[in-house]
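Visitor: Before anything else, here's the structure in question.
What follows draws every value from the coordinates through simple rules; no lab data is involved. Predicted, not measured: the structure shown is a model, and the values here were computed from it. So basically every Cβ, Gly included, is an ideal-geometry build from the backbone, and we count neighbours across all protein chains shown.
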Amino acid sequence: MISIIAAIDQNNAIGLNNRLLCHLPNDLKNFKQITSGHSVIMGRCTYESLPVKPLPNRNNIIVSKSFTGNLPAGCNLTRSIEEAVELCNNEKECFVIGGAQIYRQMLPLAQKLYITRVQDSFQADAWFPEINDSEWQLQSIVHNKPDDKHACAYSFEVYTRVENSVANLIDQITAWIIEKTQGKGVVIGMSGGIDCSVVACLCRLANVDVHLVMMPYGDDMRNTKSLNHAMELIEKFNFVYHIFDIKPAVDALTIPLESIDCSKKSSTNIKLAHANIRPRVRMSYLYQFAQINSRLVAGTGNLAERTVGYFTKWGDGACDLNPIAMLTKKEVYALAQFLEIPDSIINKKPSAGLWEGQTDEEELGITYEQIDSYITNGTTGTPETDSMIENRIKMAEHKNNKIPYFLKKNCNC
Ligand SMILES: NC(=O)c1ccc[n+]([C@@H]2O[C@H](COP(=O)([O-])OP(=O)(O)OC[C@H]3O[C@@H](n4cnc5c(N)ncnc54)[C@H](OP(=O)(O)O)[C@@H]3O)[C@@H](O)[C@H]2O)c1
């Protein structure tokens, strides 16, 4: 969960000349208490304004496109808001700590606000965005009077986001798609499932030119009725579509086991390695198609899948943009209902199509409802299931983290 913490004056001012507006020791204490032990995301200017760098006992994440210097241990440099959010993906609560530019961009992503409201007004050149009543509900307020260490009255206020209506969420996503596609069309792998159907409809709503590509392995989409489901969506919304049979490519890429030493490999590994060829071949088709037509590949993995790493690295995980990457499966279902996606797609069991008859929940041994609950509440309510999810998160680190690159220091050959 992303939270924001800020001290603002009566006019929403937060700073002048890259400094805070006033000194409130109790506010600093409150800030330390709330953010300690968590990741804190800040803009480059706020980082530079810190008297002590990094903020101790916190994972300091700095957002900057231009920063080139060295950062002390305890700091992570990210080049975009998305990259910063990605770094905190598995945390129960992380904090956006300013300044104005970062607050403005991250307010739509936040679920909770910790606001110190200072009962005074100051000269300023940086402001907090408006806290809109229709979006934010005041949960608690603690009033503090001025004293010998605090020149003015101030209150600690906590706001939580008013449950976002689906329409509002769709508006936000379509605006984001418009921004990220910049007039380009998209290509989407169409399995006949709910995630790709939602992404296709969201892109269509954003007025993006959508091409859907179905990539059966032989007759598998026909046998599982996925082809019928996909065609129902295509006909209902009049999508342009293409079909490529991946069987010849997959079969050609499958290493015959008798030709290699498999003594160290478990049968599960062999089964998965072979199954993963399908999404990787699909990825090759999508990127080939996208490049030929100067399109972008839109990804369709949701937050639940990403959290437990339920996707194929360099397969269905590969994309240029993903509008539902931060949505739980429950949210994807809510969007699907709103977008009037055919019931046959909404009601069927989710499957990654790794082999015929495969269903995600059976393969995972965990339900999407449980993963959503872990993401939202930090627990499924059952310690064994929590630890299964935590194991999966750990095992998926290599998929969700950036590739480690060796950084050379002071040596030019
Ligand atoms: N009252 C409070 O609670 C509070 C808290 C924090 C800060 N403040 C105040 O806020 C003021 C600073 O705010 P500010 O708006 O000037 O600066 P800021 O938000 O701290 O940092 C802005 C910088 O962040 C980077 N950045 C912003 N958006 C980015 C993006 N999408 N991708 C990559 N980098 C991005 C850019 O760095 P590059 O230019 O390096 O690319 C940009 O110049 C100061 O006065 C500070 O004291 C107040």
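Visitor: Sorted by packing (mean other beta-carbon atoms within 10 Å per residue), highest first, where do 394-402, 322-330 land?
Guide: Highest-to-lowest ranking by the protection proxy: 322-330, 394-402.
Visitor: Another one. Would you compute, from DSSP H runs of 4+ residues alone, the mean residue ellipticity of the chain at 222 nm, taking -39500 (n - 2.57) per run and dividing by the full residue count, rounded to the nearest 500?
Guide: -11000 deg cm²/dmol
Visitor: Still on this structure: Which of the chymotrypsin sites (Phe, Trp or Tyr not before Pro) found in region 282-336 are in a DSSP loop and have at most 13 neighbouring Cβ atoms, other than their own, within 10 Å? Show your work: numbers first, answer last.
Guide: Values: sites: 285, 287, 289, 310, 311, 314, 333; in loops: 310, 311, 314.
For chymotrypsin sites (Phe, Trp or Tyr not before Pro) across region 282-336 that sit outside H, G, I, E and B with at most 13 neighbouring Cβ atoms in 10 Å, the list reads 314.
Visitor: Most mobile of 144, 228, 90 per a Gaussian network model of the chain (Cα springs, under 10 Å)?
Guide: Its mean-square fluctuation being the largest, the pick is 144.
Visitor: Taking every DSSP beta bridge with both residues inside the chain, roughly what % is antiparallel (nearest 5)?
Guide: Just about 40 percent of them are antiparallel.
Visitor: Now for a different question. Assuming a viscosity of 1.306 mPa s and a temperature of 10 °C, what translational diffusion coefficient in µm² per second does Stokes-Einstein assign to region 2-161, Rh being the Kirkwood radius over Cα pairs? Please report the intermediate quantities before stating the final value.
Guide: Numbers: Rh = 16.0 Å.
Stokes-Einstein gives a translational diffusion coefficient of 99 µm²/s.
Visitor: GNM on the chain, C-alpha springs below 10 Å: top fluctuator among 351, 66, 191?
Guide: Its mean-square fluctuation being the largest, the pick is 66.
Visitor: Could you tell me which residue out of 143, 196, 75 lies farthest along the dipole of the chain toward its positive end? Charges go on the beta carbon: Lys and Arg +1, Asp and Glu -1, centred on the Cα centre.
Guide: 75
Visitor: Right, something else. Using the structure shown, select from 32/149; 92/112; 225/247; 112/313; 92/349 the pairs with a Cα to Cα distance greater than 21 angstrom.
Guide: The pairs that break the limit, which is 21 Å between Cα atoms, are 112/313; 92/349.
Visitor: Pop the C-beta distance of residue 182 and residue 376 into the FRET formula with R0 = 30 Å and round what comes out to the nearest 0.05.
Guide: 0.40
Visitor: A further question on this structure: Once the mean 1/r over all distinct Cα pairs of region 268-361 is inverted, what Kirkwood radius in angstroms do you read off? Let's see the in-between values first.
Guide: Values: mean 1/r = 0.0688 Å⁻¹.
Result for region 268-361, one decimal place: 14.5 Å.
Visitor: Please list, in order, the residues from region 90-109 whose amide nitrogen is less than 19 Å from a point placed 7 Å along the Cα→Cβ vector of residue 19.
Guide: 99-100
Visitor: Which helices, counted as full DSSP H runs in the chain, have an axial Cα extent of no less than 20 Å and a Kyte-Doolittle average of -1.0 or above?
Guide: Qualifying helices, which must be both long enough and hydrophobic enough, are 166-181, 277-292.
Visitor: Here's something else I'd like to know. For a quick check, take a GNM of the chain with Cα springs below 10 Å and name the residue from 87, 50, 321 with the largest mean-square fluctuation.
Guide: Greatest mean-square fluctuation among the candidates belongs to 50.
Visitor: Taking the Cα centre as origin and putting +1 on Lys and Arg beta-carbons and -1 on Asp and Glu beta-carbons, what dipole magnitude results for the chain, to the nearest 20 debye?
Guide: Working: 41 positive and 46 negative charges, 275 e Å.
Around 1320 debye, computed over the chain.
Visitor: Could I ask something else about it? How would you order 296-303, 404-411 from highest to lowest mean count of nearby Cβ atoms within 10 Å?
Guide: Per-residue Cβ counts within 10 Å, averaged per peptide and sorted highest first, yield 296-303, 404-411.
Visitor: Once each part is reduced to its C-alpha centroid, what is the distance from region 262-297 to region 198-245 in angstrom?
Guide: Computed from Cα coordinates, the inter-centre distance equals 19 Å.
Visitor: Please arrange 61, 346 by counting, for each residue, the other beta carbons lying within 10 Å of its beta carbon, fewest first.
Guide: Ordered from fewest to most neighbouring Cβ atoms within 10 Å, 61, 346 come out as 346, 61.
Visitor: Please give the net charge around residue 78, taking every other residue with its beta carbon less than 13 angstrom from that of residue 78, where Lys and Arg add +1 and Asp and Glu add -1.
Guide: Overall, the nearby charge balance is +1.
Visitor: From the alpha carbon gyration tensor of the chain, can you work out the equivalent ellipsoid semi-axes (sqrt of 5 times each eigenvalue) and give them in Å, largest to smallest?
Guide: Whole-Å semi-axes of the equivalent ellipsoid: 44, 25, 21.
Visitor: Also: How large is the direction-averaged shadow of the alpha-carbon convex hull of region 166-400, in nm²?
Guide: With every direction weighted equally, the projected area is 13.4 nm².
Visitor: Using the Cα centre as the reference, give the magnitude of the dipole from point charges on the C-beta atoms of region 166-400 (Lys, Arg: +1; Asp, Glu: -1; all else neutral), rounded to the nearest 20 debye.
Guide: 540
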